[in-house]
Amino acid sequence: MSAVLAVAGGLPLLGPILIGRFIDDASTGATARHLFVLAGVYVAVGLTRQFMAVVVAWTAADLAWTVTNELRSDLTRHVLALDLGFHRRTSPGELVSRVDGDVTALSEFIAQFAVKAVAAAVTLVGIVAVMLAQDWRVGLGFGVYLALAVGTMYALRNQAVDEAATEQAAMGRLLGEVEERLTGADDLRGNGGGSHAVARFQVAGARLLRAMLQREKQGVILWVASNAMFVFGGIAILALDAALLSQGSITLGTAYVVFQFTQILREPLGQLADETERVQRAAGGMARTIQLMDERSAIHDDGRDSLPSGPLALALDDLSFTYDDEDDASPVLSDVALSIPAGTTLGVLGRTGSGKTTLARLLLRLVDPTVGVVRLGGVDISTVPLSDLRARTGVVSQDVHLFNASIRDNLVLFDDSISDERVRAALAELGLLDWVEAMPEGLETVLGPAGSGLSAGEGQLIALTRLFLREPDFVLLDEASSRVDPLTEERVTRAVDRLIEGRTAIVIAHRLSTVERLDQILILDAGRIAEFGSQSELRSRSESRYARLLATGASSEVDAALLDPGAP
Ligand code: ATP
Ligand code: MG
């Protein structure tokens, strides 16, 4: 690229020099043959310039996209590794604008501006050098003029960078709003929230407009300033030219070259000024990209310990946890201490908001405890590399995320190395093969965006199989809180039973029927342990909450019964 640019930047100088020579030679009586040669070289230089323009554009685009595609994947990888808190603060739409929009601004910058700027710089330096060679006074004049022009443009541009960053941020917020409202379109429409959402959209749009106007204003100031510089600079140079010519210290040819060079200057400098908008956007994008790259996950992945092999015992040492919300700093979990042996199962009950899902996040190290330690197989999980921990643990979350892809891809998470036979075997073991085969195209049935077309319960069936294929030693199931039809419920129960067999498992349940077959029971109440014991022990104590829950009927809703712990 540098070599290409050096040639492309130097070529514009040759034309005027050749003509200057032509004028001088013609006025001093050179042969027609000599003049024809000069004219021929001039034409060849012109053609080469056109050809080089194509080469520059092609190489630049190639370079720009190669580099920025790397950057896009780096950013995506980085963002995926950031913690829950970051993703709660940042909407998916905003992330799209940062990972793609900002980087695209950067790639346009490299492909269209940076290249022109370097070529222009080569031209400018070349001009000053040629001028110095012709006459030191003209060279010096040009040098001063150039330094002033570039310096002024640089100062103005730096100021404009802030405006561009503000605009990009406003754009990110707008996209974030749109993305979120569209995802929730059903809920918004269904609850008559449409006009409110549109109003919010307009506010975000107005903010973006203000930021854009501000940036445009800066661009215009820059444009006017650079044009003014040209006009006055050009006049000064021409005056100098005329003085030197009448003094006889330069030839008519040189006078022509000097004049022509001021014209050449106009093009690259003018282009640079016209493109400052691109520079502003790119610089804003760059600033925001660096900021995003500097974002560090609150989950430090620097552990070096390893987990013992086989099923993992779980121990919680006085766990407390607070989501770091400024407005709501009350602990979600307090003093949770318990342990369960390897290969046994624990059922977790508790009314909504009691901290069950939060406990699950702590066990999977999606968040770190504010106080206390989570141990798997006796090892503090914060001292184990995250990739090792994730390889040994697995989760079916409360709201399973399915992808707009075939059932097969949803099961193996796009891992082609897992054979269809293995997928079928897993489905058969979980008793789900007939369910999948009954779909229109079996494993190849394509689910809609976000897995639309399946119920919450069916989503959990997919997620259970997904987990089963990974064969983790520690599993965590967060049961869907929505109601599930009896047939699906029966399938879920069967699949869960098979999945947790021989593994250490935590099952967060919204239905009593789910926990009846588990070894131990934990009841959470407002983030504290209200009850913890083995299934048989709690059943036999008739005054235990669990026994009372069972007495109200196995099919009754956990939440309803828990609302009134004193009920018979
Ligand atoms: P459910 O039965 O409805 O699933 P849960 O027992 O799983 O409820 P959690 O999701 O653990 O409850 O929530 C416990 C408390 O923590 C709630 O008061 C909730 O508002 C708060 N909370 C949950 N997630 C977050 C979060 N990401 N940031 C801040 N607060 C949160
Ligand atoms: Mg929950």
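The listed residues are 167, 177, 108, 163, and the only one of them that is in the same structural domain as residue 258 (by TED's automatic domain parsing) and touching a Phe, Trp or Tyr at 6+ places or on another chain (Cβ under 7 Å) turns out to be 177.
Taking the condition in the same structural domain as residue 98 (by TED's automatic domain parsing), part of a helix (DSSP H, G or I), open to solvent by less than 70 Å² (accessible area, probe 1.4 Å) and not aliphatic (A, V, I, L, M), does residue 10 pass? So residue 10 passes the test.
Among the residues that make up segment 310-320, is at least one of them surrounded by fewer than 22 Cβ atoms within 10 Å (Cβ to Cβ), near ligand 1 (Cβ under 9 Å from one of its atoms) and either in the same structural domain as residue 387 (by TED's automatic domain parsing) or in contact (Cβ under 8 Å) with a residue 60 or more places away in the chain (or both)? Looking for residues that are surrounded by fewer than 22 Cβ atoms within 10 Å (Cβ to Cβ), near ligand 1 (Cβ under 9 Å from one of its atoms) and either in the same structural domain as residue 387 (by TED's automatic domain parsing) or in contact (Cβ under 8 Å) with a residue 60 or more places away in the chain (or both), one finds none in segment 310-320, hence no.
Against the definition (in the same structural domain as residue 529 (by TED's automatic domain parsing) and without any contact (Cβ under 8 Å) to a residue 40 or more places away in the chain), how does residue 415 come out, yes or no? It is true that residue 415 is in the same structural domain as residue 529 (by TED's automatic domain parsing) and without any contact (Cβ under 8 Å) to a residue 40 or more places away in the chain. Under the condition of being within 13 Å of ligand 2 (Cβ to nearest atom) and open to solvent by less than 50 Å² (accessible area, probe 1.4 Å), the residues counted in segment 330-361 number 12. More than 8 Å from ligand 1 (Cβ to nearest atom), under 23 Å from residue 480 (Cα atoms), outside any strand (DSSP E or B) and open to solvent by 40 Å² or more (accessible area, probe 1.4 Å): is that true of residue 366 in this structure? Yes; evaluated as a whole, the condition is true for this residue. When each of 395, 373 is tested for being modelled with pLDDT of 90 or more, in a strand (DSSP E or B) and within 30 Å of the chain's Cα centre (by Cα), the lone residue that passes is 395.
Here segment 217-260 is the region considered, the condition is being polar (S, T, N, Q) and closer than 22 Å to residue 150 by Cα, and the residue that is least open to solvent (accessible area, probe 1.4 Å) is 226. So for segment 487-502 (the condition being in a loop (DSSP other than H, G, I, E, B), at pLDDT 90 or above and in the same structural domain as residue 463 (by TED's automatic domain parsing)), does at least one residue qualify? Within segment 487-502, none of the residues are in a loop (DSSP other than H, G, I, E, B), at pLDDT 90 or above and in the same structural domain as residue 463 (by TED's automatic domain parsing). Inside segment 450-477, residues that are within 16 Å of ligand 1 (Cβ to nearest atom) and at pLDDT below 90 make up a count of 4. Quick check on my filter: what residues within segment 436-477 are in contact with a His (Cβ under 8 Å, 6 or more places away or on another chain) and surrounded by 17 or more Cβ atoms within 10 Å (Cβ to Cβ)? Within segment 436-477, just 451 meets the criteria.
Quick grid of which residues meet (1) closer than 15 Å to residue 212 by Cα; (2) surrounded by 17 or more Cβ atoms within 10 Å (Cβ to Cβ):
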residue	(1), (2)
144	no, no
148	no, no
151	no, no
155	no, no
166	yes, yes
173	yes, yes
184	no, no
188	no, yes
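Take residue 387 and tell me if it is more than 16 Å from ligand 2 (Cβ to nearest atom), assigned by TED's automatic domain parsing to the domain that holds residue 515, closer than 20 Å to residue 515 by Cα and open to solvent by 30 Å² or more (accessible area, probe 1.4 Å). Taking the combined requirement at face value, the residue does not satisfy it.
Among the residues of segment 488-514, the ones that are within 16 Å of ligand 1 (Cβ to nearest atom) and touching a Ser or Thr at 6+ places or on another chain (Cβ under 9 Å) come to 7 in all.
Regarding residue 68, is this residue surrounded by 17 or more Cβ atoms within 10 Å (Cβ to Cβ) and either closer than 30 Å to residue 17 by Cβ or at pLDDT 85 or above (or both)? Taking the combined requirement at face value, the residue satisfies it.
The values are calculated or read from the model by the stated rules, or taken from the named source; none is laboratory data. Small disclaimer: the values here were computed from a predicted structure and weren't measured. Counting neighbours? That spans all protein chains shown, and the Cβs are built from the backbone with ideal geometry, glycine included. The accessibility values were calculated without ligands, DNA or RNA, using every heavy atom of the protein model including side chains. Shrake-Rupley method; radii C 1.70, N 1.55, O 1.52, S 1.80 Å.
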